[in-house]
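Notes follow once the structure below has been shown.
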C-alpha cells in the first residue's frame, strides 16, 4: 500500500514538474513588448540627455564643416559610331551593356584628369596660390620631431624634402580631380550625368565643363587614331598585295609563252565541244550500223538466186527492181497467153520467151546489186563506228593529257585569281578607311553644360541634425537596454521570486529624510495608515498566511549584507504585530546594534545582560515598553563573542521564556554572509524573513545567503524588497504603484 502511494505521489510530482516546466517554457517563449517599453520609459531622461548631446555634436559638426559644391553636366553618348557600317552596328548593339561601363572608366581616368589640368592651367594657379600663402614656421612639435630624427639618425639631420616639380603637381591635381568625379546614368537611356564636387563653386563648374570637352575630344582622337592606324596598315598591305598580284600575273604570262598554251578554260571548252560532237556522231553511226546489220542478217539467211530475195525490204524499196518485177510479171502473163494460143515453136512465142528471159536476167542482176549494196553498207557502218570510237578515245586521252600538262598552268591561274580577290578586298577597305578619316562627327554631344552652383551640396545641416538625433535616440535606447541587461540587482518583487525562488512578501517604500520628518524606524508607530504602514501590514499578512494552521510566532529578520533595511523592517514589523497581540522586538545583532541608538532608548542593559545573568528576568531594566503591546529588548552590553552567546543553552532558555511571555517575537538579526550568527538563530525561530535592498543588493550575494540558510534547514518564509521607490517600480508594471490610493487614505 505504501509503495502504491509512493508511486502515485512520484507520478503526480513528475506531472506537476512537467506542467511547471511547460508553463515556464511558455512564459519565456512569449515576448513581452511592454517590458521593453517600460525599460525605455524608465530611462527616458537618460535617452533624452544622450539625444541632446548627439544633437549638439551634430550641430557643431554641421556648422564647422566646409561647404562643398557640386557641378553637373549632362551628355548624350550613342554606342554606335556615326559612320559605322552594318556589321559594326550589330557588334555595338550586342556589346552595348559593356559600352557605358567602359565610358565611366574613361571619364574617371587619370588621362582625362591630366588633360583638364592642362586645359585650365591648374598647375600655374596652384603654384601662385602656394606662393601667396605666408611661410609656415615650424612649431614646437615639428622641432621636437626634427631633433628626435637627428638623434636617431646618429646626429645627421634629415634632408629637406625636394621641391615639387610641375609633373608632381600635375599628377597630384589630377588625382584630386579623379577623386571628386561621379558618373551615373546610361542604363535606361543614352544620357550620362557627370558631377564634380569642390569647395569652390566656380572651379567645380569649370572642371566639369573642361572634363566634358576633354571626353568628347578623347573620343574623336581615339577614333581617328584608330582609323589612321587602320589606314596605314591597309596601305602597306595594299602595296604588298599589288606587287604580289603583278608578280603572279607576270609568272603566268611567262609560263604560257614558254609552253605555248592558251587559257586552260578555253582549251577545256574546245575539248568538251569536240567530245560532245563525237558522241553525237557515234550514236548516229551506231544507229545506222544496227539497221545495216539487221538487213545484212536477213540476206545471209536466204540462198543466192532464191525467189525470197525479191521479198526483202531493200529489194521491195528499190524502184528499179520493183518495176522489173512488174515487167517480168507482165511478160510472163503474155508468154502464158501466147503459149495457149500458138505453141512453143511459134515465133511470137519464142520472142516472148526471149523477152521474159531477158527480164528475168535483168531482175536477178538488179537484186544482186541490192544485196551487194546491203553488204557494203554494213561493212561501211562498222568501219564508221570503229573510226568514231577511235576518235573519242583519242580525244579523251587528249583531254587527260591536257589536264596533266596544264596542272602548273591551273595552279598559276588560281594563284593569280586569289591574289586579285585579296587585292580588290583590301582596295575596298582602304577606300572606306580614307572616307572615315575625313569624317569628324562625334557620337557624344553635350546636352547641358555645368553652371556655377548657387548652394552647397554638403553639409546637409538638416540631414546631419536629423541623423544625429536618430543616432542619439538609438544610442540612448541601446544604453538603456545595456544598463538593464547589466543590472544585477533587484528592482521588483517579481525579480525576487524569479532569482531567489522565494515568495515575495512585499516591499518597504523608501522614506525620504527631510527635516522634521519621522525616521523610517518609527513610521508605523507614528501613523499606521501611511503607504509605508500599509506595506508593513501586507508583509505581516503574508507571514500570517504562510502557514494558516500554525502561523509563525517567532520571526528572524536578516539580510545578505549590512545596510539593507532589515532593522527598519524588523522594528516596523514588530509594531504591526503589536496590533494583533503582545509583541517583542528582540535585537540579536550583537556585533553592530542600532535599535537603541535609532530609537534613543535610555536603557543601557539588554539581551546580553539578560543571557549572562547580569539582570533577572523579573526586572524590567532590560526591556522598553512602547505602547503596552510592543516591547523592545535591545542588545545591551556588546559581548566579546556573540556567536558563542547565541549558541549557548542560556540563550535558548531566555528565548523559550520570552516565547511563553509574548504572542509574537521579531528578531532583528545580523547579516548572513559576514557572520554566522543568523545561521545559528535561523534554527531557533519559526521562520526567517530575508530582506533585499532595491537597486543595491547583488543577486549573486543574495543567492549565496539564501542557499546558506536553506542548507542549514532554516525555514525561509519569504523575502522583502526594502527601500523601494514605487514610482520607479511602476516602469515594470502599473500594479507596483499605489501611492495615490494610500495618499488619499492618509489624508482622509
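Please go through (1) surrounded by fewer than 20 Cβ atoms within 10 Å (Cβ to Cβ); (2) part of a strand (DSSP E or B) for residue 557 and return the number of the only condition it doesn't satisfy.
In the conditions (1) surrounded by fewer than 20 Cβ atoms within 10 Å (Cβ to Cβ); (2) part of a strand (DSSP E or B), residue 557 misses (1) alone.
Yes or no: segment 49-56 includes at least one residue that is at pLDDT below 75 and either part of a helix (DSSP H, G or I) or farther than 17 Å from residue 479 by Cβ (or both).
no
Among the residues in segment 498-506, are any part of a helix (DSSP H, G or I), touching a helix residue (DSSP H, G or I) at 6+ places or on another chain (Cβ under 8 Å) and modelled with pLDDT under 90?
yes
Considering only segment 581-593, I want to know if a residue exists there that is at negative phi, in a helix (DSSP H, G or I) and assigned by TED's automatic domain parsing to the domain that holds residue 676.
So far as segment 581-593 goes, no, none of its residues is at negative phi, in a helix (DSSP H, G or I) and assigned by TED's automatic domain parsing to the domain that holds residue 676.
Do the conditions hold for residue 138, that is, is it at pLDDT below 70, part of a loop (DSSP other than H, G, I, E, B) and out of contact with any helix residue (DSSP H, G or I) (no Cβ under 8 Å at 6 or more places or on another chain)?
Judged against the criteria, residue 138 is not a match.
Residues that are more than 24 Å from residue 722 (Cα to Cα): which helices (runs of 4 or more DSSP H) entirely in segment 608-704 hold 3 or more of them?
642-647, 649-661
Give the residue, chosen from 460, 443, that is at pLDDT below 75, farther than 29 Å from residue 43 by Cβ and within 37 Å of the chain's Cα centre (by Cα).
Unique residue meeting the criteria: 443.
Could you check, for segment 25-38, whether at least one of its residues is at pLDDT 50 or above and in contact with a helix residue (DSSP H, G or I) (Cβ under 7 Å, 6 or more places away or on another chain)?
yes
Mind checking whether some residue in segment 345-353 is modelled with pLDDT under 70, surrounded by 14 or more Cβ atoms within 10 Å (Cβ to Cβ) and at negative phi?
No, segment 345-353 contains no residue that is modelled with pLDDT under 70, surrounded by 14 or more Cβ atoms within 10 Å (Cβ to Cβ) and at negative phi.
Return the residues of segment 669-692 that are buried (at least 24 other Cβ atoms within 10 Å of the Cβ) and within 60 Å of the chain's Cα centre (by Cα); say none if nothing qualifies.
672, 690, 691, 692
Going by the conditions given, is residue 384 at pLDDT 75 or above, in a helix (DSSP H, G or I) and within 30 Å of residue 287 (Cα to Cα)?
So residue 384 passes the test.
Could you say which residue among 212, 175, 222, 189 is outside any helix (DSSP H, G or I), within 42 Å of the chain's Cα centre (by Cα) and either closer than 22 Å to residue 102 by Cα or modelled with pLDDT under 85 (or both)?
189
Can you name every residue in segment 512-528 that is within 25 Å of residue 492 (Cβ to Cβ) and surrounded by fewer than 19 Cβ atoms within 10 Å (Cβ to Cβ)?
512, 513
Taking the conditions exactly as written (in the same structural domain as residue 390 (by TED's automatic domain parsing) and at pLDDT 75 or above), does residue 287 satisfy them or not?
It is true that residue 287 is in the same structural domain as residue 390 (by TED's automatic domain parsing) and at pLDDT 75 or above.
Please work out if residue 460 is in contact with a strand residue (DSSP E or B) (Cβ under 7 Å, 6 or more places away or on another chain) and loosely packed, with under 15 Cβ neighbours inside 10 Å.
The answer is no for residue 460.
The values are calculated or read from the model by the stated rules, or taken from the named source; none is laboratory data. Just so you know, these numbers come straight off a predicted model, no measurement behind them. Backbone-built Cβ (ideal geometry, glycine too); neighbour counts: all protein chains shown.
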